[in-house]
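> Following this message is one structure expressed as structure tokens.
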Amino acid sequence: MDANNTYILGIESSCDDTSASVIHNGKILSNVVANQKIHEEYGGVVPELASRAHQQNIVPVVHQALAKANIDKKQLSAIAFTRGPGLMGSLLVGTSFAKSLAMGLNIPLIEVNHMQGHILAHFIDEKGFDKPEFPFIAMTISGGHTQIVIVKDYFDMEVIGETIDDAVGEAYDKSAKILGLPYPGGPLIDKYANEGNPKAFQFTKPKVDGLNFSFSGLKTAILYFIQKETAKNPNFIEENLKDICASIQFTIVTILMDKLKKAVKQTGIKQIAIGGGVSANSGIRTALKKAEKTMGWKTFIPKFEYTTDNAAMIAIVGYLKYQNQEFVDESVIAQARYHI
Ligand code: KG4
Ligand code: ZN
């Protein structure tokens, strides 16, 4: 085993993206992601269809990742895969594939927690992107998760807050659906929000103790508000779309920032790293940049392709675990619920 010359293949299949990536030491050589368009028609991820699409995509995606990295599978040092959390049917495809390939090549197998992947994506070597120092606070915000985590070391993490119902991305997507926007609507709300007045409409923020989040009440409040207004004026959405989106965005960003401020106060840690698809949101990015100036925080947002679900974040965890020789055997099983 040559620890200075390791090629790790990462495989991610926890939700609706099939992805494979090759990392050489800390540097990503390829990160191929096949999105599943099929779910757009249904306005959300359909688990059964996701597993089928993973089955179709996994072999070509892995081939492409190896080809782009310009290596042969025989050069691989180990295979890292997402064990959980996620949709069971989706996880099974990546897990079974990773196990078989590792056995076929007679190389070690490394299991990865998807949430740790989102956080450790900050340690991928990338020009222009600084790495946080321990300890730091990580906030993972996506369609499937919303967590605040103290990261004391690579594999020493403590969840100090999480959603008790919907994830923040779900709040975006469900609000967008109410407004008649296509799935996933988060990016569209963000786009319209930039042209609207964030103070046009008020939505009450959920009252949840401590550092936990709740977004299901907000979605209901938006639904009732829209129903009430469209009963008076059927063109209400069309006429006010930008202001509605700006007001929704303002509410969600305020909820996230309030909890982060609380977490900073509670822990005394001022380094904040975010991850997950919602990190692309312009509102949260602007708020974090502002907090650097007004509150002396140092904030970290990874390169876009490493924020949404991707295998590069699985490969970097694989690389870190490889240093400690943290391997698993073929009896390992996928876990839909898997805490960090
Ligand atoms: O991490 P991700 O690709 O997949 C998981 O859910 O794990 O995140 C997708 C989520 C969707 O809910 C999508 O609407 C949201 O991220 N999203 C955004 C933006 N870009 C993606 N939400 C708000 N503003 C954005 N710019
Ligand atoms: Zn994710």
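> Take Ser14 and tell me if it is part of a strand (DSSP E or B) and modelled with pLDDT of 80 or more.
No, not satisfied.
> Please give the number of the condition Thr95 fails out of (1) closer than 30 Å to Ala263 by Cβ; (2) away from ligand 2 (no atom under 14 Å from the Cβ).
It fails just one condition, (1).
> Residues of region 281-314 being more than 14 Å from ligand 1 (Cβ to nearest atom) and free of Cβ contacts under 8 Å to residues at least 24 places away in the same chain, which ones?
Lys289, Lys290, Glu292, Lys293, Thr294
> Output the number of the condition that Gln56 fails; it satisfies all remaining conditions of (1) in contact (Cβ under 8 Å) with a residue 60 or more places away in the chain; (2) among the polar types (S, T, N, Q); (3) surrounded by fewer than 15 Cβ atoms within 10 Å (Cβ to Cβ).
(1)
> Of all residues in region 208-220, how many are out of contact with any helix residue (DSSP H, G or I) (no Cβ under 6 Å at 6 or more places or on another chain), open to solvent by 30 Å² or more (accessible area, probe 1.4 Å) and of a type outside the set (Val, Ile, Thr)?
5
> So if I check each of Ile248, Ile244, which one is among the β-branched types (Val, Ile, Thr), at pLDDT 95 or above and within 12 Å of ligand 1 (Cβ to nearest atom)?
Only one candidate passes the filter, namely Ile248.
> Just need a number here: residues in region 288-298 that are of a type in the set (A, V, I, L, M) and either crowded, with 17+ Cβ neighbours inside 10 Å or in contact with a Leu (Cβ under 8 Å, 6 or more places away or on another chain) (or both).
2
> Which of the following residues is surrounded by 18 or more Cβ atoms within 10 Å (Cβ to Cβ), in the same structural domain as Ile252 (by TED's automatic domain parsing) and of a type in the set (Lys, Arg): Lys99, Lys152, Lys174?
Result: Lys174 is the single residue among Lys99, Lys152, Lys174 that is surrounded by 18 or more Cβ atoms within 10 Å (Cβ to Cβ), in the same structural domain as Ile252 (by TED's automatic domain parsing) and of a type in the set (Lys, Arg).
> With (1) outside any helix (DSSP H, G or I); (2) farther than 27 Å from Gly144 by Cα as the list, and Lys74 as the residue in question, which single condition is left unmet?
The one condition Lys74 does not meet is (1).
> Note down all Cβ pairs under 7 Å where the first residue falls in region 179-207 and is under 16 Å from Leu218 (Cα atoms), the second is at pLDDT 95 or above and assigned to a loop (DSSP other than H, G, I, E, B), and they're at least six residues apart or on different chains.
Cβ pairs passing all conditions: Pro206/Ser214.
> Considering only region 311-340, how many residues are in the same structural domain as Ser13 (by TED's automatic domain parsing), in contact with a strand residue (DSSP E or B) (Cβ under 6 Å, 6 or more places away or on another chain) and closer than 21 Å to Met88 by Cβ?
Of the residues in that region, 3 qualify.
> Then there is this: What is the number of the single condition among (1) within 20 Å of Thr307 (Cβ to Cβ); (2) within 16 Å of ligand 2 (Cβ to nearest atom) that His54 does not meet?
With (1) within 20 Å of Thr307 (Cβ to Cβ); (2) within 16 Å of ligand 2 (Cβ to nearest atom) applied to His54, the lone miss is (1).
> Quick test for you: out of Val278, Val317, pick the one residue that is open to solvent by less than 50 Å² (accessible area, probe 1.4 Å) and either within 15 Å of ligand 1 (Cβ to nearest atom) or more than 22 Å from the chain's Cα centre (by Cα) (or both).
Val278
> Restricting to region 43-75, name every residue that is under 20 Å from Gly86 (Cα atoms) and in contact with a His (Cβ under 8 Å, 6 or more places away or on another chain).
Val45, Val46, Leu49, Ala50
The values are calculated or read from the model by the stated rules, or taken from the named source; none is laboratory data. Small disclaimer: the values here were computed from a predicted structure and weren't measured. Note: ideal-geometry Cβ built from the backbone for every residue, glycine included; neighbour counts use all protein chains shown. For accessibility, only protein heavy atoms count, side chains too; no ligands or nucleic acids. Shrake-Rupley method; radii C 1.70, N 1.55, O 1.52, S 1.80 Å.
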